[in-house]
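Working notes, beginning with the structure itself.
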Amino acid sequence: MTRGLPLLALRLALGLALLAAPAGAQVPEAPAADAAPPVEPSVVTAPAAREPVETNGFRDTTLAAPPPVGADADPDADLAYGAFQRGYYLTAFHRATQRLERVPDDPAAMTLLGELYAQGLGVPQDVARAADWYRLAAREGDPNALFALAMIAIEGEGAPADPREGRALLERAAEAGHPRAAYNLALLLLGSEAEADLARAAELMRLAAEADVAPAQHALGVLYAEGRGVEEDPIAAAAWFSRAARNGDVAGMVEYAIALFNGAGLAPNEAEAARWFREAAFRGNAVAQNRLARLHVEGRGVAQDPVEAAAWHLAAASQGLEDAWLDEALARLSPEERADALALAESRLARP
């Protein structure tokens, strides 16, 4: 399998330890479906009028008073963040604003408000206003805000793109230990063939991988497999592919399955390889679908089953991955078997 790493990840969710997104490698993968957030409580009190809040030169207005805090609430609990985690975004907005009234330079509250505006959660989406809140938090050194500003600058969301500024912000966020900033900065550095850049990219990728950023675990495995920025080490590569796979990274599943099948860096195990190919195949990965089809033709790690093989071959071919060997191997299917394979492939392609 030919490996490759993207030069730039799409916008990753703000690293508040509550949103994850991952970026993959060269192999296409199906986007994860977000669970629907809980519905806000249906019983609300009439909103109380409030004066605009002045916060470090940035004016914000809240249209309703925050809900009361229970007498038994933990005084040290982060009520704003807790509400965000549970999907009560308007409550999170109120709590964060309330905190800023007490502590005007609270960077976590500023960053949370920025994220709510950036995604339009509980408030109308307003990227410019989100950036204002992120800048205030960044002045206080908040790494999450630095990362969010970096991605806005790189992608040009709401304003002209500024890759240079974006990279500088990624540097600051990565220096502050932000795992996703480290991952994205590593991807930028991998565009260079300079040994110093590759070595730094590997260091940054390790920082992100050790923080359980699954795409970084896959990418670090690729670096070890190819000896880029680190010494070639198939055992380390297989270990990182395993971690990426178990953390749900589809490209990592494919690489781990290939390592298991070939015995690269670990003991060969065709049945376990087939299991990981199957997991990635059901998630829409064309390479996994192709490899699983081949296994079913030969009965290696799975039962020999020409209908299953044809169904997975059709699924992979629908994504542009042709295979003349499979075409020839499956040419002797009966019309009934072909019809069964086509129906099976269509049912799998129709999955969300």
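Suppose we keep only residues that are in contact with an Asp or Glu (Cβ under 6 Å, 6 or more places away or on another chain) and buried (at least 18 other Cβ atoms within 10 Å of the Cβ) within region 291-327. Which one would you say is farthest from Leu349 (Cα to Cα)?
Top of the filtered list is Gly301.
When region 153-180 is filtered for residues that are among the hydrophobic types (A, V, I, L, M, F, W, C) and either over 21 Å from the mean Cα position of the chain (by Cα) or within 11 Å of Ala138 (Cβ to Cβ) (or both), the ones remaining, listed by number, are Ala159, Ala161, Ala168, Leu169, Ala173, Ala176. The numbered conditions (1) over 24 Å from Val222 (Cα atoms); (2) out of contact with any His (no Cβ under 9 Å at 6 or more places or on another chain); (3) of a type in the set (A, V, I, L, M, F, W, C) are all true for Phe277 except (1). In region 156-164, the count of residues that are closer than 23 Å to Ala214 by Cβ and not assigned by TED's automatic domain parsing to the domain that holds Leu112 is zero.
Tallying residues that are within 22 Å of Glu322 (Cα to Cα) and in contact with a helix residue (DSSP H, G or I) (Cβ under 6 Å, 6 or more places away or on another chain) within region 253-277 yields 9.
The residues of region 273-299 that are in contact with a Phe, Trp or Tyr (Cβ under 8 Å, 6 or more places away or on another chain) and basic (Lys, Arg), listed by number, are Arg291, Arg294.
The single residue among Ile235, Ile258 that is surrounded by fewer than 18 Cβ atoms within 10 Å (Cβ to Cβ), part of a helix (DSSP H, G or I), of a type in the set (Val, Ile, Thr) and not assigned by TED's automatic domain parsing to the domain that holds Ser318 turns out to be Ile235.
Entry remark, region 165-213: residues being under 22 Å from Asp249 (Cβ atoms) and among the hydroxyl-bearing types (Ser, Thr, Tyr) number 1 in total. Scanning region 150-161 for residues that are more than 14 Å from Tyr117 (Cα to Cα), surrounded by 15 or more Cβ atoms within 10 Å (Cβ to Cβ) and not small (Gly, Ala, Ser) gives Met151, Ile154, Glu155. Considering only region 182-195, I want to know if a residue exists there that is assigned to a helix (DSSP H, G or I), under 27 Å from Pro163 (Cα atoms) and of a type in the set (S, T, N, Q). Taking every residue of region 182-195 in turn, at least one turns out to be assigned to a helix (DSSP H, G or I), under 27 Å from Pro163 (Cα atoms) and of a type in the set (S, T, N, Q). Taking (1) in contact with a Leu (Cβ under 6 Å, 6 or more places away or on another chain); (2) not in a loop (DSSP other than H, G, I, E, B) in turn, Gly301 satisfies each apart from (2). You will find that of Ala225, Ala274, Ala251, the residue that is modelled with pLDDT of 95 or more and either part of a loop (DSSP other than H, G, I, E, B) or over 25 Å from Leu314 (Cβ atoms) (or both) is Ala225 and no other.
Residues Ala245, Ala211, Ala239, Ala216: which one is under 28 Å from Glu322 (Cα atoms) and not acidic (Asp, Glu)?
Unique residue meeting the criteria: Ala245.
The values are calculated or read from the model by the stated rules, or taken from the named source; none is laboratory data. The structure presented is a predicted model; accordingly, all values stated were derived computationally and were not measured. Methodologically, a virtual Cβ is constructed for each residue, glycine included, from the backbone with ideal geometry; neighbour enumeration extends over all protein chains shown.
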